[in-house]
Amino acid sequence: MQTFDTVIILLYFSVLIGAGIIGSTKAKTSEDFTLAGRNLGMFMYLGCLSAVILGGAATIGTTKLGYQFGISGIWFVSMIGLGIILLGTIFIKKIDSLKVTTISELLGKRYKSETRLLSAIVASIYTLMIAVTQVIGMGTIINVLLGWSLTTSMLVGGGIVLFYTILGGMWSVTVTDIIQFIVMTVGIFFIMVPMSLSKVDGLGNLLTKLPQSHLDFTGIGYQQIFQYFLLFALGMVVSQDIWQRVFTAKSSKIARNGSIFAGVYSFAYAIAGSIIGMCAFIVLPSLDNPQNTFAEMALTILPTGILGLVLASVCSALMSTASGSLLASSTLITNDILKQYFMKSPTDKQMITASRLTTLVIGLIAITFSIWIQDVLVALDVAYAILSGAIFIPLVMTFFWKRATPNSGFYAILISTVVVLAGLFIEGLTATNPILYGMSAGLVSIIGISLFSAPISTEFDTPFDEDVALDDVEQGRKQA
């Protein structure tokens, strides 16, 4: 890589730091720090939501799958998009009026305080593991591009993200995410896809050169597609970093429509990544490690200057997800553990300080784990499995079954977590069945415990009613 490309990437990092500093001037309250004041319009909301869901795994992973399986490589990111659409069309109307900050806060109020603690622990571990994978990805890319050691690269990449996240919380994350969303979009859709197709002499020529298996939408296998659905479509619905973005929207309409648009954008991103991977299959037929498909293709087809911009777009994807995950994990710990058990009626200033300190600690842990482990993809699968298998059912029952009692939600999460972990131990860490076992155990637990317990009304009865009109929710939000 030429010096000019290196300069572009370093300049990009400098712009992100500057944007983070600008965003920090807006973080004057704890709600500003965690939710950007619930004040984002459509473009900013769409940009930051798309940036957080489409991280380095989506970019690098989809091109790898496109190289290996062809067009059926779209299913990984498409299931992420489906999950965001499900969240936008089914759940946002119901959660918007509740004015909560985390999923754990919602579950704690619907069931009981121990449920809040347990779900916060599960969700914060999940978001921490996502941050770890992104720091590893950043370190790998910086290591290849700039020639620094992997440890130094992780320290620099993770340090930049941690710096601007601590400064302004969600406002800094939002400002940097908008930049990253634009860079991602330009790099993938307007540079990599056209130049990849040009390298193989057009789409028509690509289709004639590819083996027939690469043109089969289900070539990756129905079992794998179903696993992606369980892990990512359902995982998006119960993921704190996604919910935290949803809560930043200025109105329910923006939250709903922006989520749908982000889902559609994800489908387009999945197709683009798969096309790049399929082009690489023709251009680089003897690639030793498919994991390097995107980087090797970029190095092969892009001229100096453009290469720096496109590789910066990959760093953008990684940084967006890393910053959102760090903030989500620190918010869960601060809001649902520290505030509830260790802080006596904290002031707004104390909450901001606690959030910043917690973000610092979580960030340092993430960077340390990244340097220590360097490969946590299996651990990430385990985290997603626990999230989907243990929390999805209690969350859905929160909205759709009023008969659920406080104890049922707590024990459903506890039993489901044990069942998922036992299933992964017996069948293997990448098995799909443990997620289904966990969901089944959660459903049976909630229904069984509730039916054998006296019904208890909750403060959330009214917002969970189906007859709560969206206009009423909007009016309540404006008054708040």
LEU118 versus (1) at pLDDT below 90; (2) in contact with a Phe, Trp or Tyr (Cβ under 9 Å, 6 or more places away or on another chain); (3) open to solvent by 20 Å² or more (accessible area, probe 1.4 Å); (4) part of a helix (DSSP H, G or I): which is the lone unmet condition? (1)
More than 23 Å from ALA27 (Cα to Cα), in contact with a Pro (Cβ under 6 Å, 6 or more places away or on another chain) and either buried (at least 24 other Cβ atoms within 10 Å of the Cβ) or not aromatic (Phe, Trp, Tyr) (or both), is that true of LYS93? no
Take the conditions within 24 Å of SER97 (Cβ to Cβ) and either at pLDDT below 90 or not aliphatic (A, V, I, L, M) (or both) and apply them to PHE33. Does it pass? yes
Please note which helices (runs of 4 or more DSSP H) are completely contained in the range 345-444 and include at least 3 residues that are closer than 24 Å to LEU87 by Cα and aromatic (Phe, Trp, Tyr). 392-400
So if I check each of ASP201, ASP177, ASP216, which one is in contact with a Leu (Cβ under 9 Å, 6 or more places away or on another chain), of a type in the set (D, E, K, R) and either surrounded by fewer than 19 Cβ atoms within 10 Å (Cβ to Cβ) or over 18 Å from THR62 (Cα atoms) (or both)? ASP177
Identify all residues within the range 104-115 that are open to solvent by 10 Å² or more (accessible area, probe 1.4 Å) and within 20 Å of the chain's Cα centre (by Cα); write none if there are none. GLU105
Can you tell me which of (1) more than 18 Å from THR59 (Cβ to Cβ); (2) out of contact with any Lys or Arg (no Cβ under 8 Å at 6 or more places or on another chain) is the one ILE166 doesn't meet? (2)
Is there a residue being open to solvent by 20 Å² or more (accessible area, probe 1.4 Å), at pLDDT 90 or above and not in a helix (DSSP H, G or I) anywhere in the range 227-247? no
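Return the residues of the range 18-47 that are part of a loop (DSSP other than H, G, I, E, B), open to solvent by 30 Å² or more (accessible area, probe 1.4 Å) and either touching a strand residue (DSSP E or B) at 6+ places or on another chain (Cβ under 9 Å) or in contact (Cβ under 8 Å) with a residue 60 or more places away in the chain (or both); say none if nothing qualifies.
THR25, LYS26, THR29, ASN39
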Is the range 48-56 home to any residue that is at pLDDT below 85 and in a helix (DSSP H, G or I)? yes
Of the residues in the range 5-17, those that are touching a Phe, Trp or Tyr at 6+ places or on another chain (Cβ under 8 Å) and buried (at least 20 other Cβ atoms within 10 Å of the Cβ) come to LEU16
Might you let me know whether the range 265-275 holds any residue that is open to solvent by 10 Å² or more (accessible area, probe 1.4 Å), in contact with a Gly (Cβ under 7 Å, 6 or more places away or on another chain) and within 15 Å of ILE80 (Cβ to Cβ)? yes
Result of the Cβ filter at 7 Å on the range 389-406, keeping first residues that are touching a residue at least 60 places away in the same chain (Cβ under 8 Å) and open to solvent by 10 Å² or more (accessible area, probe 1.4 Å) and partners that are aliphatic (A, V, I, L, M) and not in a helix (DSSP H, G or I), at least 6 apart or interchain, is PHE392/VAL238; PRO406/ILE456
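Of all residues being closer than 17 Å to ASP5 by Cα and either under 25 Å from the mean Cα position of the chain (by Cα) or open to solvent by 50 Å² or more (accessible area, probe 1.4 Å) (or both) in the range 146-156, which is modelled with the highest pLDDT? Just the residue, please.
Out of the qualifying residues, it is SER153.
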Among the residues of the range 67-113, what is the count of those that are part of a helix (DSSP H, G or I) and more than 15 Å from ILE225 (Cβ to Cβ)? 25
Among the residues of the range 124-140, is any open to solvent by 10 Å² or more (accessible area, probe 1.4 Å), under 25 Å from SER320 (Cβ atoms) and of a type in the set (Phe, Trp, Tyr)? no
Over the range 74-90, the set of residues β-branched (Val, Ile, Thr), more than 13 Å from the chain's Cα centre (by Cα) and crowded, with 24+ Cβ neighbours inside 10 Å is ILE74
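The values are calculated or read from the model by the stated rules, or taken from the named source; none is laboratory data. Please read these numbers as outputs of a predicted model, since none were measured by experiment. A quick note on method: Cβ atoms are made from the backbone with ideal geometry, for glycine too, and the neighbour counts reach across all protein chains shown. Side chains are part of the model used for accessible areas, which takes the heavy atoms of the whole protein and leaves out ligands, DNA and RNA. Shrake-Rupley method; radii C 1.70, N 1.55, O 1.52, S 1.80 Å.
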